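Everything below concerns the one structure shown next.
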Amino acid sequence: QLQASGGGLVQTGGSLRLSCEASGFVFKNYVMSWVRRAPGKEREFVAAISWNGGIRRYADSVKVRFTISRDNAKNTVYLQMNSLKPEDTAVYYCAARETGAQSFDYWGQGTLVTVSS
């Protein structure tokens with residue numbers, strides 16, 4: 001199971017930190033990702049982090065502004081979002097896939113981020 005939290009309403013230029021706590025599987029064996037879906041748009045990759053945090057990838061649209069991190073002792077992955085823009089408005093989902101796998105095994109329920117202009 002994945003439980004995401006931390007979404008909310010923020011003004012342009014503001015910051016939010018999303019959290020996603022995992023349970024029921026061996027967290028450190030999984031690559032963790034954040035994916036978002038904006039109103040009326042397709043799902044979009046945001047960021048991913050390897051099991052030990054040594055490899056991080058970001059969508060071009062969020063590079064520099066967003067930072068993904070994880071705490072394996074707490075079974076939690078984070079997404080620090082700075083300099084938010086209205087186009088960042090979306091439901092943000094965390095997802096887990098085993099290292100080397102092509103598809104996600106677990107999805108969180110999503111947390112809504114709304115950035116007002």
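Observations on the structure shown:
- Matching option when the condition is at pLDDT 95 or above, open to solvent by less than 30 Å² (accessible area, probe 1.4 Å) and not in a strand (DSSP E or B), among LEU79, LEU84: LEU84
- Check on GLY53, open to solvent by less than 60 Å² (accessible area, probe 1.4 Å), in contact with a strand residue (DSSP E or B) (Cβ under 8 Å, 6 or more places away or on another chain) and part of a loop (DSSP other than H, G, I, E, B): yes
- Screening the range 96-117 for residues that are closer than 28 Å to GLN11 by Cβ and either of a type in the set (A, V, I, L, M) or assigned to a loop (DSSP other than H, G, I, E, B) (or both) and picking the one that is farthest from the chain's Cα centre (by Cα) gives SER117.
- In the set (1) open to solvent by less than 30 Å² (accessible area, probe 1.4 Å); (2) farther than 23 Å from VAL115 by Cβ; (3) touching a strand residue (DSSP E or B) at 6+ places or on another chain (Cβ under 6 Å), VAL35 fails one condition alone, (2).
- Within the range 87-105, if we keep just the residues that are within 12 Å of TRP34 (Cα to Cα) and out of contact with any Phe, Trp or Tyr (no Cβ under 7 Å at 6 or more places or on another chain), the residue that is least open to solvent (accessible area, probe 1.4 Å) turns out to be ALA90.
- Filter result (under 16 Å from ARG17 (Cβ atoms) and among the acidic types (Asp, Glu)) within the range 62-117: ASP71, ASP88
- Residue that is most open to solvent (accessible area, probe 1.4 Å), among those in the range 67-76 that are free of Cβ contacts under 8 Å to residues at least 24 places away in the same chain and not acidic (Asp, Glu): ALA73
- Residue match in the range 95-104 (condition: closer than 13 Å to ALA4 by Cβ and of a type in the set (Val, Ile, Thr)): no
- Among the candidates GLY14, GLY40, residue that is of a type outside the set (Ser, Thr, Tyr), outside any helix (DSSP H, G or I) and loosely packed, with under 14 Cβ neighbours inside 10 Å: GLY40
The values are calculated or read from the model by the stated rules, or taken from the named source; none is laboratory data. Keep in mind the model is a prediction, meaning the values are calculated, not measured. All Cβ positions, glycine included, derive from the backbone under ideal geometry; neighbour counts span all protein chains shown. The accessibility values were calculated without ligands, DNA or RNA, using every heavy atom of the protein model including side chains. Shrake-Rupley method; radii C 1.70, N 1.55, O 1.52, S 1.80 Å.
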